[in-house]
Amino acid sequence: MEFAFTEEQAMIAETARDFFRENATSERTRKAMAGEGIDRELWQAFGAELGLAGLTVPEEHGGSGLGMVELAIIAEAAGSQVSAIPLLGHAMACAAIGAGGSDEAKAAWLPRLAAGEAICAIASTHSTLEADGDKLTGTIQCVPHGAVADLLLVAAPKGMWLVETAAKGVSIEGHTTMDQTRPLATVMLDGAAATPLAQSFDVTMAAWSAGWIVLAAEALGGAQETLERTVAYSLDRVQFGRQIGSFQAYKHRLADMMIEIEQARSAVYWAACAVDEGSDEAQMALHAAKSFCADTFFMCAGNMIQLHGGIGFTWEHDAHLFFKRARSIQTMLMDGEFHREQVARMVLGEAA
Amino acid sequence: MKLGFSKAEEEFRAEAADWLQGQMAGEFKDIKGITTLTEKAERRKEWEQQLAAHKWSCIGWPVEWGGRGASLAEQVIFAEEYARAGVPGRVNHIGIELAGPTILTFGTEEQKQRFLPGIAAGTTIFCQGFSEPNAGSDLGNVRTKARLDGDEWVVNGQKIWTSLAHISDWIFVVARSGEGSKGPKGLTFLMMDMHQPGIEIRPIEQINGDAEFNETFFDDARCPADSLIGTEGEGWRVAMGLLAFERGVSTLGQQMAFRNELDAIIAAAKDNGKANNPLIRQRIAKAEIGLRLMRYGALRMLSNTDHSAIDGAALTYKIQWATWRRGLGELAMDVLGQAGEIASGDAYEWDVLPNLFLYSRADTIYGGTNQIQRNQIAERGLGLPREPRGDK
Ligand SMILES: Cc1cc2nc3c(=O)[nH]c(=O)nc-3n(C[C@H](O)[C@H](O)[C@H](O)COP(=O)(O)OP(=O)(O)OC[C@H]3O[C@@H](n4cnc5c(N)ncnc54)[C@H](O)[C@@H]3O)c2cc1C
């Protein structure tokens with residue numbers, strides 16, 4: 001038992017933090033927001049220069065073979081700057097293909113994903129898709145970064161598939177989305193060629209684990225950043241002849257943010273460790289992390305606006321980037337009520 | 001980063017669990033499951049001695065002082081198994097967890113020899129004399145006076161809210177020794193024998209009907225000159241060091257007690273059908289998540305051994321658990337419904353869950369109120385300006 005980063009993990013954290021601080025600037029993110037909702041240059045640098053796209057891809061497929069703790073570390077750093085990169089679908093695809101892809105699928109996709117050359121989006125739906133052999137038909141709503149993806153990881157109650165967006169029978173409609181750093185799209189499949197992944201609980205869980213950890217860690221990073229930026233502002237801004245950060249009502253709200261964030265940090269790394277160690281707590285940890293961190297981020301981002309006053313409500317200030325990202329994380333890959341209901345079933349001894 | 005325990009550690013867990021469960025099924029069956037501080041105090045003093053006799057009393061202490069020099073992981077494991085076995089809280093927890101470590105850190109060799117064996121053996125029960133009528137959150141405002149008279153300290157004044165004073169043998173006192181001094185300066189930290197005519201105790205009844213805390217009056221109370229821990233006028237530093245020990249491994253044991261309380265709520269909800277109510281289900285899930293995060297927060301705090309950065313997990317721990325437990329008390333009553341408001345007998349005495357509801361209102365007050373916690377988090381954790389004083 002040693003619930004602290006190893007030296008290597010601390011180094012990855014520092015590298016990732018510096019990289020996103022330096023490169024995922026407000027200016028660049030806003031450029032992405034005005035365009036396709038992706039900073040392609042950032043994603044390329046992340047994949048090619050830093051070699052971080054292959055973080056969780058096994059070494060024999062060109063990756064570094066690291067685990068969920070390391071994934072959480074980089075997602076936390078990416079989230080702290082609300083970077084417009086397709087990390088979510090990417091991490092889920094790497095996990096799903098690694099766990100349930102055929103040898104051909106692995107050879108075809110993992111090296112490209114590890115190099116950051118292919119963009120993957122998660123297209124998940126509760127309604128059943130029509131599967132006719134290796135052809136899929138149906139509509140999938142709310143696919144994050146769907147409009148810029150090369151590959152779709154399609155997840156439906158009956159299984160998981162890989163679908164190339166360039167294939168015949170695939171059409172995608174991007175939407176103007178509240179969080180412009182991760183715009184949603186509608187994917188329409190009409191007899192589109194699909195490569196099935198092995199159907200098992202483990203494969204499904206590998207994908208969802210990676211997705212929930214990315215979102216929870218992004219939320220943690222975002223929440224911590226809203227706190228730091230608000231603290232800095234509160235030391236700068238003077239009203240009534242005092243720094244606003246000296247008012248107790250203001251201080252206590254910042255303290256409340258820190259209290260939640262510290263728990264969110266425990267949640268993310270508990271879940272990541274539990275998955276990596278194959279602990280029987282992993283399921284509960286993932287549901288806890290996803291729901292708790294999303295709520296924490298939303299609370300913190302809302303406070304960031306309030307505690308900045310009028311400037312916090314402007315388009316020019318970055319507070320709304322955090323606020324909108326926080327809102328979108330709350331519902332993405334199932335909302336808090338769903339996750340807490342899963343926890344309730346476990347503790348009430350009703351697990352399926 | 002690693003959460004799992006090694007094979008040797010799991011063996012240690014089995015050994016500890018075995019012994020504890022054996023005791024609770026055997027000789028000490030009569031105290032199993034007690035959740036209040038002082039119920040059956042005399043038997044629990046015997047239990048302290050039983051722990052000591054088997055070297056389970058203060059396993060984290062160095063071997064030479066009656067401990068086992070146990071590793072962090074072992075201490076975590078023991079704390080968990082202790083509560084899991086339904087063993088009641090330590091009546092001497094102030095001695096084991098506060099007085100002992102304070103003496104180990106700040107005491108002289110002679111003081112260690114004088115106090116540690118008794119604490120380790122479970123024969124010297126301690127209580128904490130910090131708060132006064134005019135020094136609560138503002139602890140630096142203590143007025144109880146200590147003056148050196150030959151080779152003795154003479155103490156006059158009053159402490160209040162002294163938990164367990166009525167069953168204690170010793171009290172540690174923060175008193176003002178600096179003539180005309182104010183605030184944290186001029187304070188001195190003394191160890192005093194409770195069994196003397198100069199010390200008088202009056203119990204204070206609490207909202208749950210128990211009387212576990214007291215007023216403690218000092219009227220020319222005395223202790224030998226070398227009962228001073230640290231140096232004269234340095235009492236604030238010692239007191240602050242002591243408060244840091246409150247965030248030690250014992251928190252893990254406390255969490256297991258919380259686990260038992262949450263399990264009791266879950267059982268009650270399944271029993272009376274509230275477990276089908278979606279709002280209650282969400283709250284049970286939130287409570288479960290909060291408890292788990294408390295555990296991993298504590299493990300982060302305990303694993304952070306280099307203390308290079310501000311330790312956010314440690315700084316936020318008190319308010320986190322206290323607020324969580326207060327919410328747990330409210331959840332308990334919402335699950336029990338009106339039945340929870342009726343005592344089981346004629347006396348004003350409460351079962352575990354209604355008592356949790358009442359008692360947990362104190363959790364957000366003692367050991368630094370929630371407001372004081374927030375001030376400290378904001379100031380120490382976030383570097384915000386300090387609260388102004390009105391008397392400077
Ligand atoms: C069950 C129980 C057991 C205890 N056991 C012990 C013990 O064994 N030994 C011991 O020494 N003490 C003990 N205490 C005392 C405890 O530490 C104090 O009650 C606590 O520190 C608060 O002090 P106070 O009661 O004087 O309240 P006050 O300090 O008067 O506070 C009253 C209210 O004002 C608020 N307040 C005060 N200052 C500020 C500020 N700067 N900013 C914002 N709000 C503020 C507080 O949060 C609180 O809400 C115990 C208390 C309880 C309830």
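Consider B:GLU9 carefully, then state whether it is part of a helix (DSSP H, G or I), open to solvent by less than 40 Å² (accessible area, probe 1.4 Å) and not hydrophobic (A, V, I, L, M, F, W, C).
On the way: part of a helix (DSSP H, G or I): yes; open to solvent by less than 40 Å² (accessible area, probe 1.4 Å): yes; not hydrophobic (A, V, I, L, M, F, W, C): yes.
Yes: the conditions hold for B:GLU9.
Remark: pairs (first residue in the range B:365-392, closer than 21 Å to B:TRP324 by Cα and among the β-branched types (Val, Ile, Thr); second residue in a loop (DSSP other than H, G, I, E, B) and more than 6 Å from the ligand (Cβ to nearest atom); Cβ separation under 9 Å; 6+ apart in sequence or on different chains) = B:ILE377/B:THR316.
Answer with yes or no whether B:LEU116 is of a type in the set (A, V, I, L, M, F, W, C) and within 8 Å of the ligand (Cβ to nearest atom). The answer is no for B:LEU116. One residue alone among A:ALA249, A:ALA271 is more than 8 Å from chain B (Cβ to nearest Cβ) and surrounded by fewer than 16 Cβ atoms within 10 Å (Cβ to Cβ), and that residue is A:ALA249.
The residues of the range A:2-22 that are touching a residue at least 24 places away in the same chain (Cβ under 8 Å) and more than 14 Å from every other protein chain (Cβ to nearest Cβ), listed by number, are A:THR15, A:ALA16, A:PHE19, A:PHE20, A:ARG21.
Return yes when A:GLY98 is touching a residue at least 60 places away in the same chain (Cβ under 8 Å) and either in a loop (DSSP other than H, G, I, E, B) or not aliphatic (A, V, I, L, M) (or both) and no when it is not. It would help to see each step written out before you state the result.
Numbers: touching a residue at least 60 places away in the same chain (Cβ under 8 Å): yes; either in a loop (DSSP other than H, G, I, E, B) or not aliphatic (A, V, I, L, M) (or both): yes.
Taking the combined requirement at face value, the residue satisfies it.
Looking at B:ASP346, B:ASP334, B:ASP391, just one residue is charged (D, E, K, R) and buried (at least 16 other Cβ atoms within 10 Å of the Cβ), and that residue is B:ASP334.
When you scan the range A:134-146, do you find a residue that is among the acidic types (Asp, Glu) and touching a residue at least 24 places away in the same chain (Cβ under 8 Å), even just one?
Step one: list which residues in the range A:134-146 are among the acidic types (Asp, Glu), which gives A:134.
If we keep only those that are touching a residue at least 24 places away in the same chain (Cβ under 8 Å) as well, we get A:134.
Yes - at least one qualifying residue is present in the range A:134-146.
Total residues in the range B:127-145 satisfying the condition of being part of a strand (DSSP E or B) and either away from the ligand (no atom under 16 Å from the Cβ) or within 14 Å of another protein chain (Cβ to nearest Cβ) (or both): the figure is 1. Residues that are near the ligand (Cβ under 9 Å from one of its atoms) and surrounded by fewer than 18 Cβ atoms within 10 Å (Cβ to Cβ) within the range B:350-369 comprise B:ARG361, B:ILE365, B:TYR366, B:GLY367, B:THR369, listed in sequence order.
Collect the residues in the range B:273-288 that are more than 7 Å from every other protein chain (Cβ to nearest Cβ), without any contact (Cβ under 8 Å) to a residue 24 or more places away in the chain and part of a helix (DSSP H, G or I), keeping them in residue-number order. Before the answer, list the steps.
We begin by selecting, within the range B:273-288, every residue more than 7 Å from every other protein chain (Cβ to nearest Cβ); these are B:273-274, B:276-280, B:283, B:287.
Filter again for without any contact (Cβ under 8 Å) to a residue 24 or more places away in the chain, leaving B:273, B:276-279.
Once the filter is applied, which keeps residues that are more than 7 Å from every other protein chain (Cβ to nearest Cβ), without any contact (Cβ under 8 Å) to a residue 24 or more places away in the chain and part of a helix (DSSP H, G or I), the range B:273-288 yields B:ASN276, B:PRO278, B:LEU279.
Residue pairs whose Cβ atoms lie under 7 Å apart, separated by 6 or more positions or on different chains, with the first residue in the range B:122-143 and at positive phi and the second more than 8 Å from the ligand (Cβ to nearest atom), are B:GLY122/B:LYS45; B:GLY122/B:GLU48; B:GLY122/B:GLN49; B:GLY122/B:LEU51; B:GLY122/B:ALA52; B:GLY122/B:SER57; B:GLY122/B:ASN92. For the range A:285-319, which positions are surrounded by 24 or more Cβ atoms within 10 Å (Cβ to Cβ) and over 14 Å from A:THR226 (Cβ atoms)? Matches in the range A:285-319: A:ALA285, A:LEU286, A:HIS287, A:ALA288, A:ALA289, A:LYS290, A:SER291, A:PHE292. Taking B:LYS270, is it at the interface with chain A (Cβ under 7 Å from one of its Cβ atoms), open to solvent by 50 Å² or more (accessible area, probe 1.4 Å), assigned to a helix (DSSP H, G or I) and over 24 Å from B:THR364 (Cβ atoms)? Answer is yes for this residue.
Report the residue count in the range A:33-65 for those that are among the charged types (D, E, K, R) and within 20 Å of the chain's Cα centre (by Cα). So the answer is 4. When the range A:133-183 is filtered for residues that are part of a strand (DSSP E or B), within 22 Å of A:SER328 (Cβ to Cβ) and of a type in the set (Val, Ile, Thr), the ones remaining, listed by number, are A:THR139, A:ILE140, A:VAL143, A:VAL154, A:ILE172.
Among what's in the range B:306-323 and is without any contact (Cβ under 8 Å) to a residue 40 or more places away in the chain and not small (Gly, Ala, Ser), pick the residue that is nearest to the other protein chains (Cβ to nearest Cβ). Top of the filtered list is B:GLN320. Residue pairs whose Cβ atoms lie under 6 Å apart, sitting 6 or more positions apart in sequence or on different chains, and linking a residue in the range B:289-304 that is more than 7 Å from every other protein chain (Cβ to nearest Cβ) to a partner that is hydroxyl-bearing (Ser, Thr, Tyr) and crowded, with 22+ Cβ neighbours inside 10 Å, are B:ALA298/B:THR251.
Tally up the residues in the range A:325-340 that are open to solvent by 40 Å² or more (accessible area, probe 1.4 Å) and either touching a helix residue (DSSP H, G or I) at 6+ places or on another chain (Cβ under 8 Å) or within 14 Å of another protein chain (Cβ to nearest Cβ) (or both), please.
Quick first cut of the range A:325-340, residues open to solvent by 40 Å² or more (accessible area, probe 1.4 Å) only: A:327, A:331, A:334-335, A:337-338.
So of that shortlist, the ones also either touching a helix residue (DSSP H, G or I) at 6+ places or on another chain (Cβ under 8 Å) or within 14 Å of another protein chain (Cβ to nearest Cβ) (or both) come out as A:327, A:334-335, A:337-338.
Qualifying residue count, the range A:325-340: 5.
Residue count for the range B:97-113 under the criterion of being touching a Leu at 6+ places or on another chain (Cβ under 9 Å), within 16 Å of the ligand (Cβ to nearest atom) and open to solvent by 10 Å² or more (accessible area, probe 1.4 Å): the result is 0.
Here is a yes/no grid of residues against (1) more than 20 Å from the chain's Cα centre (by Cα); (2) farther than 28 Å from A:LYS324 by Cα; (3) within 13 Å of chain B (Cβ to nearest Cβ); (4) surrounded by 15 or more Cβ atoms within 10 Å (Cβ to Cβ):
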position: A:PHE201; (1), (2), (3), (4): yes, yes, no, no
position: A:MET205; (1), (2), (3), (4): no, no, no, yes
position: A:GLY211; (1), (2), (3), (4): no, no, no, yes
position: A:LEU227; (1), (2), (3), (4): no, no, yes, yes
position: A:THR230; (1), (2), (3), (4): yes, no, yes, yes
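For the range B:147-167, the tally of residues that are within 16 Å of the ligand (Cβ to nearest atom) and part of a strand (DSSP E or B) stands at 8.
Filtering the range B:12-39 to residues that are open to solvent by less than 80 Å² (accessible area, probe 1.4 Å) and of a type in the set (Lys, Arg) leaves only B:ARG13. Restricted to the range B:370-392, and to residues there that are among the charged types (D, E, K, R) and more than 11 Å from the ligand (Cβ to nearest atom), the residue that is farthest from the other protein chains (Cβ to nearest Cβ) is B:ASP391.
The values are calculated or read from the model by the stated rules, or taken from the named source; none is laboratory data. Small disclaimer: the values here were computed from a predicted structure and weren't measured. We place every Cβ from the backbone using ideal geometry, glycine too, and count neighbours over all the protein chains shown. The accessibility values were calculated without ligands, DNA or RNA, using every heavy atom of the protein model including side chains. Shrake-Rupley method; radii C 1.70, N 1.55, O 1.52, S 1.80 Å.
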